[in-house]
Amino acid sequence: MPITETPAQILDCKGLQCPLPVIKTAQAIKSMDPGQVLELLATDPGVEPDMKAWSSRTGNELLAIDREGDVFHVFLRRQG
């Protein structure tokens, strides 16, 4: 599902392993306004289940996870 919104912030976590992408996502999304979209770039395949669990736990909306080659593009909307 293509995302039509332009992310307010892009967080590059390529090359980082769990739990760093989750920690950095939590830190980045706190600095954003409610309703803004964050795009996370990651190469760790564990990012997909991790982001599903994190978004359901925090209430932030997981919009999509797209994969281009080895890079996962995770789109999250800040709650509120």
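When each of Thr58, Thr25 is tested for being under 9 Å from the mean Cα position of the chain (by Cα) and within 14 Å of Arg77 (Cβ to Cβ), the lone residue that passes is Thr25. In this entry, Ile10 passes the filter for residues that are surrounded by fewer than 17 Cβ atoms within 10 Å (Cβ to Cβ), out of contact with any Cys (no Cβ under 6 Å at 6 or more places or on another chain) and assigned to a strand (DSSP E or B). Taking every residue in region 17-40 that is over 15 Å from Lys52 (Cβ atoms) and modelled with pLDDT under 95 and pairing it with any residue that is of a type in the set (Val, Ile, Thr) and assigned to a strand (DSSP E or B), at least 6 positions away or on another chain, yields no pair with a Cβ-Cβ distance below 8 Å. Just give me the residues in region 15-33 being assigned to a helix (DSSP H, G or I), of a type in the set (A, V, I, L, M, F, W, C) and crowded, with 16+ Cβ neighbours inside 10 Å, in sequence order. Of everything in region 15-33, those that are assigned to a helix (DSSP H, G or I), of a type in the set (A, V, I, L, M, F, W, C) and crowded, with 16+ Cβ neighbours inside 10 Å turn out to be Val22, Ala28, Ile29.
Among residues of region 34-77 being touching a helix residue (DSSP H, G or I) at 6+ places or on another chain (Cβ under 6 Å) and part of a helix (DSSP H, G or I), the one that is surrounded by the fewest Cβ atoms within 10 Å (Cβ to Cβ) is Asp50. Considering the conditions (1) in contact (Cβ under 8 Å) with a residue 40 or more places away in the chain; (2) in contact with a strand residue (DSSP E or B) (Cβ under 7 Å, 6 or more places away or on another chain), Met51 is excluded by exactly one of them, (1).
The values are calculated or read from the model by the stated rules, or taken from the named source; none is laboratory data. Just so we're clear, the structure is a prediction, and the values are computed from it rather than from any experiment. No Cβ is skipped: glycine too gets one built from the backbone with ideal geometry, and neighbour counts run over all protein chains shown.
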